[in-house]
Structure formats: C-alpha cells, structure tokens
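Enquirer: A single structure is presented below for examination.
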Amino acid sequence: MNTAKKILLVDDDIDFLVQIQTRLKAQQYDVITAEGQQDAEKILAETKPDLAILDLMMEQVDGGFALAYHLKQKYPDVPIILCTAVASETGIEFDASTDEERSWIKADVFLPKPVRFEQLAREIERLLQDKA
Amino acid sequence: MYNLRTLVVDDELGMRLGIQKALSRYKMQLAEVAAEVGFIVEMAESAEEAIEKINTDRPDILLLDYKLPSMSGLDLLERINVQESEMVTIMITAYATLEAAVLAIKKGAFDFLAKPFEPDELKKAVKKAAQNLILARQIRKLEQEKHQVRFQFISVLGHELKSPLNAIEGYLNIMHERVAGGELKSYDEMIDRSVVRIQGMKKMIADLLDLTRIESGQKKREIVECDVCAIAKAAIESMQTAASARNISIKLNADEPVTMMADAGEIEIVLNNLVTNAVKYNRDSGQVRITLKKEKNLVKITVSDTGIGMSAEESAMLFKEFVRIKNEKTRHIDGSGLGLSIVKKIATIYNGDVNVTSQPNVGSTFNVRLHSEESKPTDPV
C-alpha cells in the first residue's frame, strides 16, 4: 500500500482550510495546513510536501506568489495549485496554461475561488500522476 | 479652468461687439468655488437666431436683451424652457423698472443689467452668474460621487454578507455528505465555526442598521440629558465577561458627573464600539482605560488599550467603511469593519471628531470629542 500523499494547504481563510482539509482527509491525503505565508515558510523549512495548494491573496496581496516562488526554488518538482478570488474581485484573469505564463507565475494550475472541490480533487490527482 | 460659452442676444451690433470685447479675453478667478473662468462669446442679433443657437447647443450664460424686434426677452425665455436647464440668464434692458426685473426673474432670469452699463458692471454680473453656475456643477458632481460611494458600499456589503453564508453552506454540505464519518463529534469544529460566522453576520447586520439609522435620520433622535459615565459603565459591564476571560482589566476615570445633551442611543453606540475594540484588540492580561472629561459643552471620551496597535498607514484607513486591518495579529479577531465608521459618523453629528494614536504592540488610544446638542429634539432632515 502507498503511503499517503502529503499536501500543504495555505490560506488565511480558516473556513476554507477546515473544509478543504476535511474533504482531502476523507480522500486519504495527509494534510498540513498553514494560515499564512510565514507559517507556511516554517513548515517548508522542515517538510517537503508532495503538492501545495496556496491562496494568492493573503495578508500581503501577493503572499501566494511569493510563497510559490520560494517553494519552487526549494522544491522545483512540487506541483502548486494557486487559488484566487482575484478574478471575481477585480476582474483580472489569471491563467497558467502556457509555458511562458508558468515561467513567471510559478504555479502549475490556477483555480478561481470559490473553488469547487471536485475540480480541485481532479487537478490534485492529475498533478500527482504527472509527477509519478 | 472653465471656459463658459456665453451667448449675447441683442439687435444692436455695438452692444454685441462691446460685450464680446469686454469678455472674450477676460479671465477671472473665483475664489469661492476655487476656479478660473474664461469666456467664449457667441452672438445672435435676433430672437429667432438666438432660439436656434440655444436649442442646438445650449450656452452656459445667456446675455439677453429685454427688447428684441420680433419678441421680448421674456417671451424668448418662455420658449426655451429655462427652468429645466443649467443655463444662467442675465437680462439686459434700458427700461430698468422693478416690475420688469421681477417678471424676468420669475421667468427664470438670474440677474438684471441696466443699460447703459460699464464693462465693470458687466463683469460683476457675469462673475456672479459664473459662480452660481460652477457651484451648481460642483454640487451635482458631489452628488454623483455620493451615489458612486453608495453603490460601492452596497457591492462590498454584498460580498461581506455572502462570505459567511458560503462558509456555512460549505460546512453543512460536508456534514450532509458525512465527509468526516458518522460521528457527530468529528464535526464539532465545523459547528463552532458556523456559529462564529453566524454571530459575525448578525453583528454586521446590527451595525449596518445602526449606520443606516444614523445616516437616513429616519429614527427620531431624542435629545435628553445623558449621563455619559453611566453609559460608559454599562458598556464596560457588557464587555466584562469577555475581558475577564482574558484577564483584561477595564478602568474608568471620570470627573463625575459628565453629562451632555444627546441621544442616549448614539452615545451608547460610541462607547460600546470603542470599549469592545479595546478588549478585542488587546493582549491577554492587558488594560483598558476610559477617560471622560467635560469642558463647557464639549465632552471628551478617551479609550486606550495595551493591545496590538497598528502602523500609521493602518491608522489612516481605519475609519472607512468595511476596512479591517488584516495581518497576522488580527487574523483570529472577528469584526464587521463598520464599528469605527459608525463612531466617526456619530462624532460628526455632534460637531466633533475622532482620532487615533497608535503604536504597534504597545496599544492604541482613541479620542472622541462631542459637543452637547441643543435641548430641542431635532427632526430628521
């Protein structure tokens, strides 16, 4: 039997953390949560997750970007899903579907908030499979 | 810089050219409306020509001869429906009787200029007209901005109300699907969080009702002699449980009695909001100090805490609606983001103000100054 995949989940919205964590655990993932960029950086200093789900806008507007950048520097092979309410709040569309976009955005997938869990689960599965 | 289009309607060529000469290169400073004004002068020699010009492109200022060959200036005013336009009309006449003036004003003229006049008299009249015109424009612009602010408020409000509902719906779905298994205990945290979000939403709605009541003036304000000390004590009492739980002490210093003519409900809101914040944003085992002072008809309320404080940048935006300071320290503190904007609105009603001095990790001090109201109850505007 495989050991459970470790997912780092970072968001300053506690309700989002609790809900996604509960649902991921039900799918047998091992979930570590952090409520902000600083907490997450501490965790990353000691732990290498198999995948990370980050919120784009935390206390600093670009906290998610900075975190994604550091994470990719340290662990280039860890896929990142960046969740964001930017599109619904500002109308600015983000995407990470081309190589050029991925080269500066440092995320493998962008998901708009509110996140549909089925879609999130599908992306997680796909990214972990691609990696394997 | 405003360029006001000015139409001169007179059958005398000399008069038209004279006015054009006086105004076309003339720039005036209007200190009252903080504007510089210039004029673009156009001319019409008959009523018919004037009506056509006005209907195609309405000028800002109309200098209208009272007696034109085919119709009087008054008839012309009637034809163009001046009342509904922003155009300012100055009537020019050689027969400056009081009756004529009154009639012209009734038909929508703004001012009167008697022939013959000096360029300075003309400029004076035009200046008055320009001032009136620009003031009206500024007021309209301000109203549009107010409208815009309202719209923004509603859109943010919608977002703020939707977010707790989304969270609660998410928890209910998880429970409904038994995602964490069959044991109710596994869902305790979600139930707690749902209750927190519901309470936050209730508080926001209560604050919102306070705010709309204050702003709309629908509630009849009852101005009576209020004992500010007693109101402060009640505010302390309502926060006592929350304060004791975190070992926070609350002290009241007052040169008793501090009384003022006010609506008791409004003073309660001010003190409740400030004391609640001082406890919420305090550290464990911290202190809250409330000082009340009275100088003639001015009441000064000071509430200071030993809490997390904030940067100057954060203080600057604190009194705006729905602004909540978002950082590591405030992450677990709930609030509607309306409390302090309400305090500010109330302070304004009492011809007063509110300000804050703060230092991160040392604490914040809020100063509110309120002037006693007149003793007669004020009706809503």
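Enquirer: Does the range B:143-162 include one or more residues that are within 14 Å of another protein chain (Cβ to nearest Cβ), surrounded by 11 or more Cβ atoms within 10 Å (Cβ to Cβ) and on the phi > 0 side of the Ramachandran plot?
Expert: The answer is no; no qualifying residue exists.
Enquirer: Counting just the residues of the range B:292-321 that are part of a loop (DSSP other than H, G, I, E, B) and among the charged types (D, E, K, R), which one comes out surrounded by the most Cβ atoms within 10 Å (Cβ to Cβ)?
Expert: B:Glu321
Enquirer: I would also like to ask the following. Select from the range B:203-221 the residues that are assigned to a helix (DSSP H, G or I) and polar (S, T, N, Q) and write down the one among them that is farthest from B:Phe322 (Cα to Cα).
Expert: The qualifying residue farthest from B:Phe322 (Cα to Cα) is B:Ser216.
Enquirer: Considering only residues that are in a helix (DSSP H, G or I), modelled with pLDDT under 85 and surrounded by 13 or more Cβ atoms within 10 Å (Cβ to Cβ), which ones fall in the range A:85-132?
Expert: A:Val86, A:Ala87, A:Glu101, A:Arg102, A:Ile105, A:Lys131
Enquirer: While we're looking at this one, here's another question. State whether the residues of the range B:32-42 include one that is in the same structural domain as B:Glu118 (by TED's automatic domain parsing) and part of a helix (DSSP H, G or I).
Expert: Looking for residues that are in the same structural domain as B:Glu118 (by TED's automatic domain parsing) and part of a helix (DSSP H, G or I), one finds none in the range B:32-42, hence no.
Enquirer: Please verify whether B:Met261 is part of a strand (DSSP E or B) and either among the basic types (Lys, Arg) or out of contact with any Lys or Arg (no Cβ under 8 Å at 6 or more places or on another chain) (or both), treating the condition exactly as stated.
Expert: yes
Enquirer: Right, here's the next one. Could you check, for the range B:195-202, whether at least one of its residues is free of Cβ contacts under 8 Å to residues at least 12 places away in the same chain, away from chain A (no Cβ under 14 Å), under 21 Å from the mean Cα position of the chain (by Cα) and assigned to a helix (DSSP H, G or I)?
Expert: Taking every residue of the range B:195-202 in turn, none turns out to be free of Cβ contacts under 8 Å to residues at least 12 places away in the same chain, away from chain A (no Cβ under 14 Å), under 21 Å from the mean Cα position of the chain (by Cα) and assigned to a helix (DSSP H, G or I).
Enquirer: I need the full set of residues from the range B:176-191 which are facing chain A (nearest Cβ under 10 Å) and assigned to a helix (DSSP H, G or I), in order please.
Expert: B:Ser186, B:Tyr187, B:Glu189, B:Met190
Enquirer: Return the residues of the range B:178-204 that are modelled with pLDDT under 90 and not basic (Lys, Arg); say none if nothing qualifies.
Expert: B:Gly200, B:Met204
Enquirer: Could I ask something else about it? Please verify whether the range B:119-132 includes one or more residues that are modelled with pLDDT under 90, surrounded by fewer than 16 Cβ atoms within 10 Å (Cβ to Cβ) and in contact with a helix residue (DSSP H, G or I) (Cβ under 8 Å, 6 or more places away or on another chain).
Expert: Yes, that holds for at least one residue.
Enquirer: Suppose the filter is surrounded by fewer than 21 Cβ atoms within 10 Å (Cβ to Cβ), in contact with a Ser or Thr (Cβ under 8 Å, 6 or more places away or on another chain) and either within 12 Å of chain B (Cβ to nearest Cβ) or part of a helix (DSSP H, G or I) (or both); does A:Gln38 pass it?
Expert: It is false that A:Gln38 is surrounded by fewer than 21 Cβ atoms within 10 Å (Cβ to Cβ), in contact with a Ser or Thr (Cβ under 8 Å, 6 or more places away or on another chain) and either within 12 Å of chain B (Cβ to nearest Cβ) or part of a helix (DSSP H, G or I) (or both).
Enquirer: For the range B:282-296, what are the residues that are farther than 16 Å from B:Asn367 by Cβ and in contact with a Ser or Thr (Cβ under 7 Å, 6 or more places away or on another chain)?
Expert: Within the range B:282-296, B:Asn282, B:Arg283, B:Gly286, B:Gln287 meet the criteria.
Enquirer: Could you list, in sequence order, the residues of the range B:116-166 that are touching a residue at least 60 places away in the same chain (Cβ under 8 Å) and in the same structural domain as B:Asp75 (by TED's automatic domain parsing)?
Expert: Listed by number, the residues that qualify are B:Pro119, B:Leu122, B:Lys123, B:Val126, B:Lys127, B:Ala129, B:Ala130, B:Gln131, B:Leu133, B:Ile134, B:Leu135, B:Gln138.
Enquirer: Only residues in the range A:56-68 that are at pLDDT 70 or above count as the first member; pair them with residues that are of a type in the set (Ser, Thr, Tyr), Cβ under 6 angstrom, at least 6 apart or cross-chain, and list the lot.
Expert: Between residues of the range A:56-68 that are at pLDDT 70 or above and residues that are of a type in the set (Ser, Thr, Tyr), the close pairs are A:Leu56/A:Thr84.
Enquirer: Would you be able to tell me the number of residues in the range B:284-324 that are away from chain A (no Cβ under 14 Å) and under 30 Å from B:His159 (Cα atoms)?
Expert: Going through the range B:284-324 one residue at a time, the tally reaches 11.
Enquirer: Test of understanding: among B:Ser336, B:Ser285, which residue is of a type in the set (Gly, Ala, Ser), crowded, with 20+ Cβ neighbours inside 10 Å and in a loop (DSSP other than H, G, I, E, B)?
Expert: B:Ser336
Enquirer: Could I ask something else about it? Restricting to the range B:43-64, give me the number of residues that are part of a strand (DSSP E or B) and of a type outside the set (Gly, Ala, Ser).
Expert: So the count comes out to 5.
Enquirer: For residues that are basic (Lys, Arg), within 14 Å of chain A (Cβ to nearest Cβ) and in contact with a helix residue (DSSP H, G or I) (Cβ under 7 Å, 6 or more places away or on another chain), tally how many sit in the range B:325-359.
Expert: Within the range B:325-359, residues that are basic (Lys, Arg), within 14 Å of chain A (Cβ to nearest Cβ) and in contact with a helix residue (DSSP H, G or I) (Cβ under 7 Å, 6 or more places away or on another chain) number 0.
Enquirer: Now for a separate question. Pull up the range A:1-28, narrow it to residues that are surrounded by fewer than 20 Cβ atoms within 10 Å (Cβ to Cβ) and away from chain B (no Cβ under 12 Å), then point me to the one that is modelled with the lowest pLDDT.
Expert: Ranking the candidates gives A:Met1 first.
Enquirer: Could I ask something else about it? Do we have B:Asn247 as in a loop (DSSP other than H, G, I, E, B), surrounded by fewer than 16 Cβ atoms within 10 Å (Cβ to Cβ), without any contact (Cβ under 8 Å) to a residue 60 or more places away in the chain and in contact with a Ser or Thr (Cβ under 8 Å, 6 or more places away or on another chain) here?
Expert: In short, yes.
Here is a yes/no grid of residues against (1) surrounded by 15 or more Cβ atoms within 10 Å (Cβ to Cβ); (2) over 18 Å from B:Ala114 (Cβ atoms); (3) among the aliphatic types (A, V, I, L, M):
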| residue | (1), (2), (3) |
| --- | --- |
| B:Gly14 | no, no, no |
| B:Gly18 | yes, no, no |
| B:Lys21 | no, yes, no |
| B:Leu30 | yes, yes, yes |
| B:Ala44 | yes, yes, yes |
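Enquirer: May I pose another question? For B:Ala243, indicate whether it is assigned by TED's automatic domain parsing to the domain that holds B:Asp334 and more than 26 Å from B:Gln152 (Cβ to Cβ).
Expert: Spelling it out, B:Ala243 is indeed assigned by TED's automatic domain parsing to the domain that holds B:Asp334 and more than 26 Å from B:Gln152 (Cβ to Cβ).
Enquirer: Considering only the range B:1-31, state which residues are in a strand (DSSP E or B) and without any contact (Cβ under 8 Å) to a residue 40 or more places away in the chain.
Expert: Residues satisfying the conditions are B:Asn3, B:Gln29.
Enquirer: Tell me whether the range B:210-232 contains one or more residues that are under 17 Å from B:Gly335 (Cα atoms) and either modelled with pLDDT under 95 or of a type outside the set (A, V, I, L, M, F, W, C) (or both).
Expert: Yes, the range B:210-232 contains a residue that is under 17 Å from B:Gly335 (Cα atoms) and either modelled with pLDDT under 95 or of a type outside the set (A, V, I, L, M, F, W, C) (or both).
The values are calculated or read from the model by the stated rules, or taken from the named source; none is laboratory data. Quantities reported herein were computed from a predicted structural model and do not represent experimental measurements. Positions of Cβ are backbone-derived with ideal geometry, glycine not excepted, and every protein chain shown enters the neighbour counts.
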